[in-house]
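What follows is one structure encoded as structure tokens, with my remarks underneath.
The values are calculated or read from the model by the stated rules, or taken from the named source; none is laboratory data. The shown structure was predicted, so the numbers you read here are calculated from the model rather than taken from an experiment. Here the Cβ is made from the backbone with ideal geometry for all residues, glycine too, and neighbour counts use every protein chain on show. Ligands, DNA and RNA are stripped out before the accessible areas are found, and what is left, the full protein with its side chains, is counted by its heavy atoms. Shrake-Rupley method; radii C 1.70, N 1.55, O 1.52, S 1.80 Å.
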Amino acid sequence: MFNLQSLLRPHILSLTPYSSARDEYTGKVGVFLDANENPLGSTTDTGEYNRYPDPHQWAIKQKLAPIKGVREGQIFLGNGSDEPIDLLVRATCIPGKDNILIMPPTYGMYEVSAAVNDVEIIKVPLTTDFQVDVESVLGAITDNTKLIWLCSPNNPSGNLLQADAIRTILNAATHSLVIVDEAYIDFASTSSWTNELDTYPNLVVLQTFSKAWGLAALRLGMCFASEELIQILNKIKPPYNISAPTQSLALDALAHEEAKTNMVTEILAERQNLAENLRSLPSVQVVYLSDANFLLVKFDDAKGVFEHLIEQQVIVRDRSKVKLCDGCLRISVGTRTENERLMEVLRQMKDAPVSSDLPLGSGDEATRPELVSNA
Ligand SMILES: *Cc1c(COP(=O)(O)O)cnc(C)c1O
């Protein structure tokens with residue numbers, strides 16, 4: 001049987017959280033002399049930001065809960081998905097003792113968060129078709145495995161993980177949290193695992209406003225889980241983790257869900273177009289099937305293609321050094337014009353001589369800080 005308490009670090013259970021002024025008095029009207037705010041206003045040209053924001057973002061959760069088919073208490077909002085990723089590690093993993101399990105190739109932040117917290121990382125690679133190797137995963141889980149990270153649709157491969165595999169892990173790993181990162185779920189052809197939250201107390205689902213909603217700059221991530229776990233995350237988060245401008249812009253976005261739907265439709269049509277066009281290029285070996293807003297593409301000469309694209313100021317992500325992604329570039333689906341420009345530059349290439357010593361150096365993005373980004 002799953003028991004959240006035994007999964008948490010003992011000191012988290014007994015921790016007294018910071019109690020903010022807005023926790024202690026929740027009324028909206030009055031003379032507010034309790035938070036050492038500036039009563040005169042803000043130093044900005046537009047807007048008033050002198051008051052602390054709602055620490056629990058109730059207005060957003062009220063709008064979001066019916067959209068996602070969950071209860072308000074099952075929602076945690078973070079400063080990007082990065083925040084719940086980190087909080088989950090800190091809530092459950094004792095450094096030097098506990099571990100997390102990831103399935104490369106996958107999103108880099110799971111590993112980084114564990115490393116920052118000095119937590120051991122168990123790696124069980126996906127199969128060559130980027131699916132979960134269920135038997136190996138079940139064999140690799142130890143008594144100290146607190147978090148099992150699944151990314152579906154997976155970054156960088158773009159595919160959904162098989163539901164049966166996820167279900168098997170949810171049923172078997174009853175002493176771990178099983179996190180399904182659905183950053184790209186809006187682009188996928190299946191429903192969300194949020195529908196299963198009441199069936200699996202060990203299930204955590206991550207989503208984000210950064211992709212389909214077009215709000216990467218806001219930094220707003222969603223975490224859905226049991227009320228019990230959400231209360232723990234609330235207890236250890238920084239008190240005012242979501243700024244007032246972010247909260248009001250998120251409310252604005254949620255009132256325009258159809259704008260998101262329309263953009264997703266357009267991006268899916270472009271994804272289809274782009275995949276077909278890429279498949280017609282002789283230098284392309286594989287365009288992997290994608291349920292996300294990007295394509296993983298295997299080229300004859302990934303390094304050469306990457307460098308040629310950079311020369312022409314078309315920036316894609318070099319994933320060729322990543323496990324199982326030999327020869328692969330990850331290409332975000334752009335606008336029609338951007339995708340056409342990409343294709344134009346790729347088509348030019350077969351006429352141009354293959355350059356061996358471009359001034360940019362190697363295709364290894366780690367040596368190019370200006371190209372390093374989270375996503
Ligand atoms: C882009 C992405 C996210 C979103 O991260 P934010 O911090 O919310 O911007 C989360 N998970 C995966 C797998 C991603 O690719």
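For Ser243, are the conditions met, namely being open to solvent by 30 Å² or more (accessible area, probe 1.4 Å) and at pLDDT below 95?
On the way: open to solvent by 30 Å² or more (accessible area, probe 1.4 Å): yes; at pLDDT below 95: no.
It is false that Ser243 is open to solvent by 30 Å² or more (accessible area, probe 1.4 Å) and at pLDDT below 95.
Within the range 239-270, track down each residue that is under 20 Å from the mean Cα position of the chain (by Cα) and farther than 20 Å from Pro66 by Cβ.
Of everything in the range 239-270, those that are under 20 Å from the mean Cα position of the chain (by Cα) and farther than 20 Å from Pro66 by Cβ turn out to be Asn241, Ser243, Thr246, Met263, Ile267, Leu268.
I'd like to check something: does the range 238-260 contain any residue that is out of contact with any Cys (no Cβ under 7 Å at 6 or more places or on another chain), away from the ligand (no atom under 16 Å from the Cβ), β-branched (Val, Ile, Thr) and at negative phi?
Checked against the condition, which is being out of contact with any Cys (no Cβ under 7 Å at 6 or more places or on another chain), away from the ligand (no atom under 16 Å from the Cβ), β-branched (Val, Ile, Thr) and at negative phi, the range 238-260 yields no hits at all.
Of all the residues that make up the range 263-312, how many are more than 22 Å from Ala183 (Cα to Cα) and part of a helix (DSSP H, G or I)?
Count: 15.
Filter the range 4-24 down to the residues that are free of Cβ contacts under 8 Å to residues at least 60 places away in the same chain and loosely packed, with under 12 Cβ neighbours inside 10 Å, then identify the one that is farthest from Glu228 (Cα to Cα).
Ranking the candidates gives Glu24 first.
Just to be sure before I move on: is Phe187 under 13 Å from the mean Cα position of the chain (by Cα) and aromatic (Phe, Trp, Tyr) in the structure I sent?
Answer is no for this residue.
Does Glu266 satisfy the criteria of being in contact (Cβ under 8 Å) with a residue 12 or more places away in the chain, more than 16 Å from the ligand (Cβ to nearest atom) and charged (D, E, K, R)?
So Glu266 does not fit the description; no.
Could we say that Gly80 is within 16 Å of the ligand (Cβ to nearest atom), on the phi > 0 side of the Ramachandran plot, at pLDDT 95 or above and of a type in the set (Gly, Ala, Ser) here?
Spelling it out, Gly80 is indeed within 16 Å of the ligand (Cβ to nearest atom), on the phi > 0 side of the Ramachandran plot, at pLDDT 95 or above and of a type in the set (Gly, Ala, Ser).
Would you mind stating whether Val305 is at negative phi and either assigned by TED's automatic domain parsing to the domain that holds Pro104 or surrounded by fewer than 20 Cβ atoms within 10 Å (Cβ to Cβ) (or both)?
no
Report, by residue number, each residue of the range 133-162 that is among the aliphatic types (A, V, I, L, M) and either under 16 Å from the mean Cα position of the chain (by Cα) or not assigned by TED's automatic domain parsing to the domain that holds Leu206 (or both).
Of everything in the range 133-162, those that are among the aliphatic types (A, V, I, L, M) and either under 16 Å from the mean Cα position of the chain (by Cα) or not assigned by TED's automatic domain parsing to the domain that holds Leu206 (or both) turn out to be Leu147, Ile148, Leu150, Leu160, Leu161.
Kindly provide the set of residues from the range 208-237 that are more than 16 Å from the ligand (Cβ to nearest atom) and either of a type in the set (S, T, N, Q) or open to solvent by 40 Å² or more (accessible area, probe 1.4 Å) (or both), ordered by number.
Ser226, Glu227, Glu228, Gln231, Asn234, Lys235
Among the residues of the range 64-92, write down those that are among the aliphatic types (A, V, I, L, M) and either under 17 Å from Val180 (Cβ atoms) or assigned to a helix (DSSP H, G or I) (or both).
Of everything in the range 64-92, those that are among the aliphatic types (A, V, I, L, M) and either under 17 Å from Val180 (Cβ atoms) or assigned to a helix (DSSP H, G or I) (or both) turn out to be Leu64, Ala65, Ile67, Val70, Ile75, Ile85, Leu87, Leu88, Val89, Ala91.
Do you know which residues across the range 191-207 are within 16 Å of the ligand (Cβ to nearest atom), more than 19 Å from Leu251 (Cβ to Cβ) and in contact with a Ser or Thr (Cβ under 9 Å, 6 or more places away or on another chain)?
Trp193, Val204, Val205, Leu206
May I ask you to list the residues in the range 154-190 that are assigned to a loop (DSSP other than H, G, I, E, B), closer than 30 Å to Ser6 by Cα and within 16 Å of the ligand (Cβ to nearest atom)?
The first filter runs over the range 154-190 and keeps only residues assigned to a loop (DSSP other than H, G, I, E, B), leaving 154-162, 173-176, 182-184, 188-190.
Cutting the leftovers down to closer than 30 Å to Ser6 by Cα gives us 154, 161-162, 173-176, 182-183.
Those that are assigned to a loop (DSSP other than H, G, I, E, B), closer than 30 Å to Ser6 by Cα and within 16 Å of the ligand (Cβ to nearest atom): Asn154, Leu161, Glu182, Ala183.
Within 20 Å of Met222 (Cβ to Cβ), open to solvent by less than 20 Å² (accessible area, probe 1.4 Å) and more than 12 Å from the ligand (Cβ to nearest atom): is that true of Leu87 in this structure?
yes
Filter the range 90-118 down to residues that are open to solvent by 10 Å² or more (accessible area, probe 1.4 Å) and over 19 Å from Lys323 (Cβ atoms) and give me whichever is nearest to the ligand (Cβ to nearest atom).
Val116
Just to be sure I understand, how many residues within the range 246-258 are open to solvent by 40 Å² or more (accessible area, probe 1.4 Å) and either outside any helix (DSSP H, G or I) or not charged (D, E, K, R) (or both)? Walk me through it before giving the result.
Restricting attention to the range 246-258, the residues satisfying the condition of being open to solvent by 40 Å² or more (accessible area, probe 1.4 Å) are 248-249, 251-252, 255-258.
The next check asks that each one be either outside any helix (DSSP H, G or I) or not charged (D, E, K, R) (or both); those that pass are 248-249, 251, 255-256.
The total comes to 5.
Taking helices (runs of 4 or more DSSP H) that fall entirely within the range 2-63, which contain at least 2 residues that are touching a Phe, Trp or Tyr at 6+ places or on another chain (Cβ under 8 Å)?
21-24
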